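Worksheet: one structure, shown below.
The values are calculated or read from the model by the stated rules, or taken from the named source; none is laboratory data. Because the structure is a prediction, the values reported are computed rather than measured. Ideal geometry is used to build each Cβ from the backbone, glycine not excepted, and the neighbour counts take in all protein chains shown.
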Amino acid sequence: MLLISISCTAFRAPIIGDTPVLDVATSIDPREVRRYREDNPGATISDAVAAVSRR
């Protein structure tokens with residue numbers, strides 16, 4: 001069971017990526033980030049924050 005848990009954790013898709021987010025606005029709405037991720041499956045939180053902050 002422990003091996004299965006470790007394997008699932010190690011090989012799942014990342015949630016937080018390494019996309020550089022420059023000049024992040026302090027007023028990013030979490031609902032917009034969630035909506036972006038729902039519209040773009042596979043996008044990380046960093047991707048979504050970067051995309052929403054460019055709008």
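Of all residues in the stretch 19-30, none satisfies being in a helix (DSSP H, G or I), of a type outside the set (Lys, Arg) and modelled with pLDDT under 70. Evaluate the following for Val49: is it surrounded by 14 or more Cβ atoms within 10 Å (Cβ to Cβ) and at pLDDT 90 or above? Taking the combined requirement at face value, the residue does not satisfy it.
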